[in-house]
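Nothing in this text is a laboratory measurement; each read-out follows from the coordinates by a stated rule. Note that this is a predicted model, so its numbers are computed, not measured. Using ideal geometry, Cβ is built from the backbone for each residue, glycine included, and neighbour counts are taken over all protein chains shown.
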Amino acid sequence: MPSPNQQNLKKKNAEYSEKFNNGDLKLPPGRSTLSVCPRLPRPPRRHASSQEHRTDREPTPVTCMDARIDPAAAFGIDLGDAHVVRNAGGCAKDALRSIVISQQLLGTREIILVKHTGCGMLTFTNDDIRAVVKENLPPAASAELGTTDFLPFPEVEQAVRDDLAFLKQTTTIREDTVVSGWVYDVKTGAVKSITPA
């Protein structure tokens, strides 16, 4: 049975994808610099006892850093609701440090893993990125990176299943953690639930 956070993601995403009209955005971000805006006053913090907008578990969404994804809007996350972890490919292994901190120090108990269609991680191998680094950076950079696994993947749904398996088997994640996997479609704005292997 889906958790309340999963039900919320599906409901909010259906509302979001119905109005979605940004499916033609390109993979690289559209701006090289971001606007600097004056600092706004902080809204009052919700007290831990407040039940408004709360579900039974505080979630940690893990998703890609791709500029075409707005996790707050697409996944129904209000400011202050979740620790959103973003990295290249929405990779669980890369997010593990943040997940452990979120769980052990801040009490989150659910991981919502969301990868997406058209991901840049589908377009290269470890050898490809190492060659680019070797060409563009001083020799010390290649030596420093050594055999770093950049965690590319050839197929997005299988990558979600692999990350779900990793999260289920690692001893660094609490046993009572609810874990779910999803694929976000950058053309439609809709998500699809992925069943673990």
Whole Å is fine, so just give me how far the alpha carbon centre of segment 64-96 lies from that of segment 170-193. 11
Distance (nanometres) between label positions extended 7 Å along Cα→Cβ at GLU135 and THR147: 2.5
Over 19 Å (Cα to Cα) among LYS12/LYS115; LYS10/LYS168; LYS93/LYS115; LYS115/LYS192; LYS19/LYS115; LYS10/LYS187 -> LYS10/LYS168; LYS19/LYS115
Compute the length gained on full extension between ASP128 and ILE101: take 0.36 nm times their separation in residues and subtract their Cα-Cα distance, giving the result in nm to one decimal. 6.5 nm
